[in-house]
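Worksheet: one structure, shown below.
The values are calculated or read from the model by the stated rules, or taken from the named source; none is laboratory data. Given the structure is predicted, the values throughout are model-derived calculations rather than measurements. Cβ atoms come from the backbone with ideal geometry, glycine included; neighbour counts cover every protein chain shown.
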Amino acid sequence: MKHILITGATGQIGTELTPALRRRYGTERVIAAGHKRDPGPQVAAGPYVRCDVRDRAALAEIVRQSGIGTIYHLAALLSAAAEAAPERAWEVNVGGLLNVLEIARRHDCAVFLPSSIGAFGPATPKDPAPQTTIQRPTTIYGIGKVTGELLGDYYHLKYGVDARGVRFPGLISHVAQPGGGTTDYAVEIFHAALRDRRYTCYLPPETRLDMMYMDDAIRAALELMAADQARLRHRNAYNITALSCTPAELATAIRRHIPEFRIDYRIDPLRQAIADSWPRRLDDSAARRDWGWAPRYDLAATVGEMLARLAEKVGQETHP
């Protein structure tokens, strides 16, 4: 078996995907790559290299020297962070992906390239957003994600690169800190609930978005990459989802464990505008049909798991 490379391994998804892949395929077979952040104990527990995905030559050398057969390409600027630096976001999110696909073509690598709910825009049907529909995003992050979906299809059709991907909803993790995304409130709120019993949300109480607990997201990536190619009709942009909630509904679910928890709102116009341009719910029937996708964590299970895991870290107790 050839080795696996994870770009963006120190980010929100990478910090949990890296140990999951090492448990499945062996620590020494999974090389984590990061750029600026310290890797942290989970990522640093196995092979780790520093690499900027914008440097094609350096990335190609890592692939060649390490005998890479599969690349999980996670390096990216997230939605709100990308709006603050559009040119850099394009260089990293699109230029970095093009480098990965070109290297994959030359070295016969499979590629996992995640897209996002951000690939949709105001003209997309909101409830639900179909698997195949109009995509006219209004953010540089979303524009980059649509470009990435098309590049993945192009490299598969023209060169036979085994490129696969999903459109992730907002991801909720107890391991990684928020990284500049529009749905970061759904992680921040748990830390604030345990620490302060209060949270000030930057989105309005009624803003409904799709979410997913990170364990489901990691499993989706692994299951898609293990699926039979012949069954994949969409390949690079499968809608997947697990739960749909508003900040107010999430706060209510938290109060079932921490009755004294309170939420108030101070709206961030930038992130509100981004959230308002996205669908409220994704239709993931194609993923369910083609490769058996099914989430395991609904809202109640996600809230219970997040509070329990975070409470363990700070030595607090929550009510059942």
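Descriptive notes on the structure:
- Which numbered condition Gln229 misses (of (1) touching a Gly at 6+ places or on another chain (Cβ under 9 Å); (2) more than 16 Å from His73 (Cα to Cα)): (1)
- Answer from Ser277, Ser244 - the residue that is surrounded by 18 or more Cβ atoms within 10 Å (Cβ to Cβ), in contact with a Ser or Thr (Cβ under 8 Å, 6 or more places away or on another chain) and hydroxyl-bearing (Ser, Thr, Tyr): Ser277
- Residue in segment 262-273 that is small (Gly, Ala, Ser), out of contact with any His (no Cβ under 9 Å at 6 or more places or on another chain) and over 18 Å from Tyr213 (Cα atoms) present: yes
- Residue match in segment 126-139 (condition: touching a strand residue (DSSP E or B) at 6+ places or on another chain (Cβ under 6 Å) and surrounded by 22 or more Cβ atoms within 10 Å (Cβ to Cβ)): yes
- Ala294 among the aliphatic types (A, V, I, L, M), assigned to a helix (DSSP H, G or I) and at negative phi: no
- Criterion: closer than 26 Å to Val175 by Cα, under 20 Å from the mean Cα position of the chain (by Cα), among the aliphatic types (A, V, I, L, M) and surrounded by fewer than 20 Cβ atoms within 10 Å (Cβ to Cβ) - qualifying residue of Leu224, Leu282, Leu299: Leu299
- For the residues Gly118, Gly95, the requirement of being surrounded by 18 or more Cβ atoms within 10 Å (Cβ to Cβ), touching a Lys or Arg at 6+ places or on another chain (Cβ under 8 Å) and in the same structural domain as Ala58 (by TED's automatic domain parsing) singles out Gly118.
- Here Ser244 clears all of (1) within 19 Å of the chain's Cα centre (by Cα); (2) of a type in the set (S, T, N, Q); (3) assigned to a helix (DSSP H, G or I) except the condition numbered (3).
- Unique residue being assigned to a helix (DSSP H, G or I) and more than 27 Å from Met211 (Cβ to Cβ) when the list is Leu59, Leu150: Leu59
- Pro41 fulfils the conditions (1) buried (at least 19 other Cβ atoms within 10 Å of the Cβ); (2) within 22 Å of the chain's Cα centre (by Cα) except for a single criterion, (1).
- Residue within segment 220-242 that is over 25 Å from Leu151 (Cβ atoms) and in contact with a strand residue (DSSP E or B) (Cβ under 9 Å, 6 or more places away or on another chain) present: yes
- For segment 247-280, residues that are outside any loop (DSSP other than H, G, I, E, B), within 16 Å of Asp298 (Cα to Cα) and charged (D, E, K, R) total 1.
- Test: residue in segment 62-73 that is charged (D, E, K, R), surrounded by fewer than 16 Cβ atoms within 10 Å (Cβ to Cβ) and touching a residue at least 40 places away in the same chain (Cβ under 8 Å): yes
- Each residue in segment 151-199 was checked for being more than 22 Å from Ile117 (Cα to Cα) and among the charged types (D, E, K, R), and 6 of them qualify.
- Assessment of segment 132-142 against the conditions (part of a helix (DSSP H, G or I), of a type outside the set (A, V, I, L, M, F, W, C) and closer than 30 Å to Thr252 by Cβ) yields at least one matching residue.
- Meets criteria (farther than 30 Å from Arg24 by Cα, surrounded by fewer than 17 Cβ atoms within 10 Å (Cβ to Cβ) and among the aromatic types (Phe, Trp, Tyr)) for Tyr202: no
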